[in-house]
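Novice: Below are the structure tokens for one structure; questions will follow.
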Amino acid sequence: MKQFLKEKILPLSLTAFIILADQITKAIIVIKWPLEPGTHYRFITQVFGSDFMQIIHVRNPAIAFSLGKNLPAQIQPVVFIVIPILVLGFLLWYYLRSNEFTAIQRWAAAGIIGGGLGNIIDRIFRSGSGGVVDFLDVAFFKFVFESGRWPTFNIADATVVVCCFLLFITMFISPKKNKMEQVQVKEQIDE
């Protein structure tokens with residue numbers, strides 16, 4: 001039981017932390033810098049004294065990169081809320097039942113769950129006010145995005161991206177490491 005708590009439940013503290021940090025930062029943005037009626041964004045400030053990073057209050061009525069914003073209103077709750085809840089539920093179920101995750105992969109999965117739930121909370125409770133609150137705006141390569149800026153995001157978005165990348169990388173590194181360990185064990189047995 002102690003091992004289960006350490007290996008599987010402890011990383012879920014990251015899930016709770018991400019949800020809390022995400023919702024607190026979004027609440028600060030919404031309360032301190034509300035959108036004016038009829039506007040879709042509000043510039044707040046530059047970070048580090050340059051336009052490399054800016055804080056801008058924006059609402060995203062869809063998912064990443066505003067994908068799906070033109071879907072019919074009847075389909076949007078299914079695509080933006082129900083399907084993500086099912087995917088996160090499956091990930092959590094697999095996370096708790098499986099012993100295949102490494103420690104890093106458990107923390108990455110916990111981060112993905114936290115970030116996903118942070119945005120689902122917005123989609124459910126801010127649906128009437130324009131959608132998910134995004135506020136971090138970063139300069140990016142002009143040849144990638146016409147504006148030269150990465151689409152505005154929030155803590156939940158950043159966590160999901162970083163943790164997915166980490167999970168993806170460790171999935172390719174871990175099997176190689178396990179194979180090397182198996183070869184070493186086999187060599188020791190053969191000696």
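Novice: How high is the relative contact order of segment 9-181, given as a whole-number percent (alpha carbon pairs under 8 Å, six or more residues apart)?
Specialist: Relative CO of segment 9-181 lands at 29 percent.
Novice: Next question, about the same structure. Need the full-extension length gain, Phe168 to Leu67, defined as separation in residues times 0.36 nm minus the C-alpha distance. One decimal, nm.
Specialist: Residue separation times 0.36 nm, minus the Cα-Cα distance, leaves 34.1 nm.
Novice: So how much slack lies between Val78 and Phe52, counting 0.36 nm per residue of separation and subtracting their Cα-Cα distance, in nm?
Specialist: Length difference between fully extended and current span is 5.8 nm.
Novice: Most fluctuating residue of Gln74, Gln23, Gln105 in a GNM of the chain with Cα springs under 10 Å: which is it?
Specialist: Looking only at Gln74, Gln23, Gln105, the largest GNM fluctuation is found for Gln74.
Novice: Around Leu167, what is the net charge, scoring Lys/Arg as +1 and Asp/Glu as -1 over all other residues with Cβ under 13 Å from its Cβ?
Specialist: On the way: positive: Arg106; negative: Glu100.
Local net charge: 0.
Novice: Could you list which residues have their amide H under 5 Å from that of Val132, counting only those 5 or more apart in sequence or on another chain, with H placed in the peptide plane?
Specialist: Asn60, Ala62
Novice: Could you state the orientation-averaged shadow area of the convex hull built on the Cα atoms of segment 9-181, in nm² to one decimal?
Specialist: 12.4
Novice: Sticking with this one: Classify segment 41-112: rounded, prolate or oblate, from the alpha-carbon gyration tensor (a ≥ b ≥ c, eigenvalue square roots; a/c under 1.5 rounded; otherwise prolate if a/b is larger than b/c)?
Specialist: Numbers: a/c = 4.43, a/b = 1.35, b/c = 3.29.
Judged from the Cα gyration tensor, segment 41-112 comes out oblate (a/c at least 1.5, b/c at or above a/b).
Novice: Expected output is a single nm value to one decimal: the length gained when fully extending between Ile121 and Asn99, i.e. 0.36 nm times separation in residues minus the C-alpha distance. What is it? Each step should come with its number before you reach the end.
Specialist: Values: separation 22, 0.36 × 22 = 7.92 nm, distance 2.91 nm.
In short, 5.0 nm is gained.
Novice: Follow-up question, since we're still on this one. Just to confirm a number: summing +1 for Lys and Arg and -1 for Asp and Glu over residues other than Ala158 whose beta-carbon lies under 14 angstrom from that of Ala158, what do you get?
Specialist: -3
Novice: Here's something else I'd like to know. Run the helix sum for the chain: -39,500 (n - 2.57) per DSSP H stretch of 4+ residues, divided by residue count, reported at 222 nm to the nearest 500 deg cm²/dmol.
Specialist: Result for the chain, helices only: -17500 deg cm²/dmol.
Novice: If packing is taken as the average number of other Cβ atoms within 10 Å across a peptide's residues, how do 42-52, 151-161 rank, most packed first?
Specialist: 151-161, 42-52
Novice: All other residues with a Cβ under 15 Å from the Cβ of Leu20 taken together, and with Lys, Arg as +1 and Asp, Glu as -1, what is their net charge? Kindly include the intermediate steps, with their values, before the conclusion.
Specialist: Values: positive: Lys26; negative: Asp22, Asp122.
Result for the local shell: -1.
Novice: So for the chain, if I pair up every lysine 8 or more residues apart or on another chain, how many of those pairs have alpha-carbons under 22 Å apart?
Specialist: Working: Lys8/Lys177; Lys26/Lys69; Lys176/Lys186; Lys177/Lys186.
Going through the chain pair by pair, I get 4.
Any read-out appearing in this document is the output of simple, stated calculations on the displayed coordinates, not a laboratory observation. This one's a predicted model, so the numbers in the text were calculated from it and none came from an experiment. Note: ideal-geometry Cβ built from the backbone for every residue, glycine included; neighbour counts use all protein chains shown.
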